[in-house]
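The values are calculated or read from the model by the stated rules, or taken from the named source; none is laboratory data. In this text, all values refer to a predicted model and were calculated from it rather than measured experimentally. So basically every Cβ, Gly included, is an ideal-geometry build from the backbone, and we count neighbours across all protein chains shown. Just the protein is used for accessible areas: all its heavy atoms, side chains included, with ligands, DNA and RNA removed. Shrake-Rupley method; radii C 1.70, N 1.55, O 1.52, S 1.80 Å.
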Amino acid sequence: GQFQNTVTSGIISGYGRSVEAGDASSSETLQNLFQTDTSINQGNSGGPLVNINGEVIGINTAVAGDAENIGFSIPINDVQGLIKSVLKDGKLLRPYLGVRYVLLNDDNAYNYNLDTKRGAYIVPSSGGAGSIVNGSPAQKAGLQEKDIITKVDDQTIDEKNSLVSVLGRHAVGDKVSLTIIRDKKEQKIEVTLEAAPQN
């Protein structure tokens, strides 16, 4: 980038943010981000966001194109699994469950006529690919469409902690306990996370 090896300063002005990042040809939704007014210039993406003690707390990843001095960083805890994979195997291996879901809030729960208002709702298939990926850890563990994942181990799934961000705190090969609601009854399912397929 144009401004490599620069240092800027600012504050954390929000957390748990979701943004659509990309360009005209491709984009992705990033969740559970820190919002900061620290300048993130070209060349700073991928660099560390540090606190006053010099500890890395995030990875700079995006800027708001239609605002002045608003940047976003991935919390360091959400990439612990990736860090472990690089240290262990020398490559990035993203932990993967293999479900298509909607993050529940009051509105989504109402739209799907659900009593549970927080969690990751595995949406029913609608014409295209199923919501449980064939051969995925989710399928192997017996997850089903219309299940609602409310916790991964002891971490509650909500607007501040999406399923993707919570799984990102784990490494490939980790066994996690999912708390799910199925047919209005709570149960636990053990899942061993695998590496996300390479596109």
> With the dipole of the stretch 55-199 worked out from charges on the C-beta (+1 for Lys and Arg, -1 for Asp and Glu) around the Cα centre, which of ALA62, ILE157, LEU97 lies farthest toward the positive end?
Replying inline: LEU97
> How would TYR101, TYR121 rank on accessible area, largest to smallest, probe 1.4 Å?
Replying inline: TYR101, TYR121
>> What figure, in Å² to the nearest 10, do you get for the accessible area of ARG17 with a 1.4 Å probe and non-protein molecules left out?
In response: 90
> For the stretch 26-146, what D do you get in µm² per second when you plug the Kirkwood radius from alpha-carbon pairs into Stokes-Einstein at 25 °C and 0.890 mPa s?
Replying inline: 142
> Counting only Cα, what are the radius of gyration and maximum Cα-Cα distance Dmax of the stretch 97-161, in Å?
Replying inline: 11.8, 34
>> If each DSSP helix of 4+ residues adds -39,500 (n - 2.57) and the sum is divided by the residues in the chain, what number results at 222 nm, nearest 500 deg cm²/dmol?
In response: -3000 deg cm²/dmol
> If the cut-off is 27 Å between C-alpha atoms, which lysines fall inside it for LYS188, apart from same-chain ones fewer than 8 positions away?
Replying inline: LYS84, LYS117, LYS140, LYS146, LYS151, LYS160, LYS175
> Could you give the nm distance between label points at ASN105 and GLN139, where each point is 7 Å from its Cα heading toward the beta carbon?
Replying inline: 3.2
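Under the rule that an exposed site lies in a DSSP loop and has at most 12 other Cβ atoms within 10 Å, name the longest stretch of the chain with no GluC sites (Glu not before Pro) of that kind, not counting the sites themselves.
Values: sites that count: GLU55, GLU68.
My reading of the result: 69-199 is the longest stretch.
Could you do me a favour and compute the accessible area per residue for the stretch 50-149, 1.4 Å probe, result in Å²? Don't skip to the answer; put the middle values down first.
Details: 5740 Å² over 100 residues.
For the stretch 50-149, the per-residue accessible area is 57 Å².
Could you please put LYS117, LYS151 in sequence from largest to smallest accessible area, using a 1.4 Å probe?
LYS117, LYS151
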>> For LEU92, what accessible surface area do you get with a 1.4 Å probe? Give it in Å², rounded to 10.
In response: 110
> If one computes the Cα centroid of the stretch 45-81 and of the stretch 127-166, what distance in Å separates the two points?
Replying inline: 26
> Quick one: net charge of GLY168's neighbours, Cβ under 13 Å, K/R +1, D/E -1?
Replying inline: +1
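With r defined as the distance between the Cβ atoms of SER45 and THR192 and R0 fixed at 35 Å, what FRET efficiency is calculated, to the nearest 0.05?
0.60
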> Using the beta-carbon distance between SER177 and ILE52 and R0 = 25 Å, what value does 1/(1 + (r/R0)^6) give for FRET efficiency, to the nearest 0.05?
Replying inline: 0.10
> What is the helix-to-structure angle for 80-89, meaning the angle in degrees between its Cα long axis and the longest Cα principal axis of the chain, kept from 0 to 90 and rounded to the nearest 10?
Replying inline: 80
> Can you pull the accessible area of LYS91 for me, 1.4 Å probe, Å² to the nearest 10?
Replying inline: 120
> For the chain, which whole percent of the accessible surface, found with a 1.4 angstrom probe, sits on carbon and sulfur atoms?
Replying inline: 47
>> Report the gain in length on full extension from LEU92 to ASP154: 0.36 nm times residue separation, minus Cα-Cα distance, nm rounded to one decimal.
In response: 19.8 nm
> Of TYR112, ASN51, THR8, whose Cα points farthest to the positive end of the dipole of the chain (charges on the beta-carbon: +1 Lys, Arg; -1 Asp, Glu; origin at the Cα centre)?
Replying inline: TYR112
> If you place +1 on the Cβ of every Lys and Arg and -1 on the Cβ of every Asp and Glu, how big does the dipole about the Cα centre of the stretch 73-199 come out, in debye to the nearest 20?
Replying inline: 280
> With charges set only on the Cβ (+1 for Lys and Arg, -1 for Asp and Glu), what does the dipole of the stretch 157-199 come to about its Cα centre, in debye to the nearest 20?
Replying inline: 120
